[in-house]
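Each value in this text was obtained by applying a stated rule to the coordinates, not by laboratory testing. None of these values were measured; they are calculated from a predicted model. Cβ placement follows ideal geometry from the backbone for every residue including glycine, while neighbour counts extend to all protein chains displayed.
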Amino acid sequence: MSAIAFPEPDAGILARRESIIAGLSRLVPPQALITSDDERRPYETDALTAYRRMPLAVVLPSTTQEVAAVLRYCLEQGVPVVPRGSGTSLAGGAIPQEDAVVIGVSKMNRILEIDYANRIARVEAGVTNLAVTGAVSAEGFFYAPDPSSQLACSIGGNIGMNSGGAHCLKYGVTTNNVLGVTMVMLDGSIVEIGGGHLDSPGYDLLGLINGSEGQLGIVTEATVRILRAAEGARPVLFGFPTSEQAGAAVAAIIGAGIIPVAMEFMDKPAIEICEAFAKAGYPMDVEALLIIEVEGSDTEMDAQLARIVAIAREHGVKTVKESQSAMESAAIWKGRKSAFGATGRIADYICMDGTIPTGQLPYVLKRMDEIVKAYGLRVANVFHAGDGNLHPLILYNCNDPVEAQKAEDAGMDILKLCVEVGGCLTGEHGVGIEKRDLMTFQFTEADLAQQMRVRAVFDAGWLLNPAKVFPLEGRVAA
């Protein structure tokens with residue numbers, strides 16, 4: 001029995017499935033409409049694979065106009081819609097429901113314009129995150145947000161979940177790097193919000209759209225900020241005797257006003273898992289590891305590292321290992337970027353995503369370990385330490401229903417801990433279905449009602465991604 005509830009499918013919609021599909025077939029080419037059981041199956045879940053629902057149908061449009069036609073039709077028919085990027089959501093943001101049509105943007109994968117003079121690129125929503133950097137790197141530019149899934153995840157999905165990544169400590173998350181979007185509203189109207197400039201008049205609708213999880217409309221194009229790459233970059237490995245000492249060092253570095261380009265944390269289980277996979281040269285005689293990357297000229301990097309090393313020594317650092325080559329740097333980051341996949345080689349796991357004040361890191365690391373051990377499970381911690389964005393990987397056996405429930409319960413307790421110490425339920429994965437029922441733990445009834453009223457202005461009938469973000473009980477209309 002699924003622990004997370006979904007809305008009951010509308011029997012009337014299910015009974016009209018054939019006629020609904022016939023209507024969709026008049027709006028898009030045959031190759032853009034998926035209706036058979038076998039072909040729909042890949043779309044029944046996302047990276048939160050513990051939950052799955054077979055969608056009514058899947059549409060893969062190639063143009064903004066096709067998206068508009070399908071949305072307009074679904075509104076006329078009263079059919080829910082689940083927007084989908086690449087399906088890498090770890091919070092269940094793209095899991096469909098039986099009476100819903102999935103609209104995927106994977107075929108909308110063109111880079112439309114690159115403007116180096118103004119440092120922007122205009123791309124379709126299905127372009128992968130890493131493809132943006134790939135398109136501009138020859139000219140010395142890059143796109144800053146870099147989720148671990150950047151090889152696969154799409155810009156549209158990044159906007160939906162306001163994704164981050166290791167280098168967002170310095171450069172910000174998606175909302176700090178998107179200047180404009182083309183978005184299709186539920187009624188099929190196409191709106192342009194923001195654009196190729198630093199600011200735009202009127203309400204900050206762009207700030208509302210980033211992180212809205214596909215509940216306000218479907219983004220089909222985005223104008224993103226591209227940045228000039230630094231003169232040089234240097235990752236350094238810092239090994240500590242305990243996780244608490246590593247956490248205290250992070251808090252002290254940030255408290256001293258030092259902002260490296262990245263500051264990543266791994267505990268002993270994560271170090272062992274990642275080193276076995278990537279052979280990155282991580283120290284194996286420590287209980288916690290920080291990957292701290294600085295960038296700039298050699299002089300700038302030397303000066304910043306000297307301050308960081310001094311603070312690390314005050315907190316008992318055991319190992320300091322500086323990358324000596326581009327190959328070593330690549331290996332260091334391969335280990336970190338491969339953490340989720342490498343962990344999947346040894347155990348099933350739930351990857352949590354919560355954010356805390358960095359000053360609370362030592363306490364929270366200790367409490368997370370206590371929480372997971374109390375359930376008789378193991379945890380591997382690998383996360384963005386500099387901005388307090390935690391990603392504990394709770395290891396369990398997915399074929400054991402009791403262990404699966406314990407893993408979910410442990411994860412919920414960790415998220416509650418994040419809120420209790422002054423943090424929040426999510427840093428970059430979004431709410432989806434995973435954290436939906438914890439929203440009442442973070443927000444008051446009045447807070448949630450106001451958020452839902454804003455949402456309902458865009459979609460009064462709750463047809464866009466309706467199972468997500470807000471608790472199923474107590475929803476309000478426009």
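Below, the figures for the structure above:
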read-out: Expected 222 nm ellipticity per residue - DSSP helices of 4 or more, -39500 (n - 2.57), all of the chain, to 500; value: -10000 deg cm²/dmol
read-out: Rg to Rh, two decimals, where region 189-343 supplies the alpha carbon set and Rh follows Kirkwood; value: 1.09
read-out: Isotropically averaged projected area of region 1-72, using the convex hull of Cα atoms (one quarter of hull area), nm²; value: 6.0
read-out: Cα-derived Rg over Rh, computed across region 352-476 with Rh taken as Kirkwood radius; value: 1.01
read-out: Peptide ranges 84-95, 163-174, 359-370 listed from the most packed, as the mean C-beta count within 10 angstrom indicates; value: 84-95, 163-174, 359-370
read-out: Spatial extent of region 143-221: Rg and Dmax, with the Cα atoms as the point set, Å; value: 12.5, 39
read-out: Equivalent ellipsoid semi-axes, region 71-157, via Cα gyration tensor eigenvalues times 5, rooted, Å; value: 30, 15, 8
read-out: Debye log10 I(q)/I(0) at q = 0.06, 0.10, 0.13, 0.14 Å⁻¹ for the chain, Cα point scatterers; value: -0.27, -0.75, -1.25, -1.41
read-out: Per-residue HN-Hα couplings for region 150-159 [Karplus 6.51, -1.76, 1.60; θ = phi - 60°; Hz; x = Gly/Pro]; value: 4, 5, 10, 5, 9, 4, x, x, 4, 5
read-out: Length released on extending from A276 to E473, taking residue separation times 0.36 nm less the Cα-Cα span; value: 66.4 nm
read-out: Mean Cβ neighbour count within 10 Å, used as a protection proxy, ranking 233-239, 440-446 highest first; value: 233-239, 440-446
read-out: Rounded to 5, the percent of DSSP beta bridges in region 1-141 classed as antiparallel; value: 45
read-out: Whether region 263-317 is rounded, prolate or oblate, judged on the alpha carbon gyration tensor where a/c under 1.5 counts as rounded; value: oblate
read-out: Separation in nanometres of the label points that stand 7 Å from Cα toward Cβ, at S329 and Q450; value: 4.5
read-out: Size of region 391-437 as Cα extents on the principal axes (Å, biggest first); value: 34, 20, 19
read-out: Whole-Hz ³J(HN,Hα) from phi, Karplus 6.51 cos²θ - 1.76 cosθ + 1.60, for region 322-334, glycine and proline x; value: 8, 4, 10, 7, 4, 5, 5, 4, 5, 5, 4, 6, 4
read-out: Packing rank of 183-190, 200-207, where each peptide gets the mean count of other beta carbons within 10 Å, highest leading; value: 183-190, 200-207
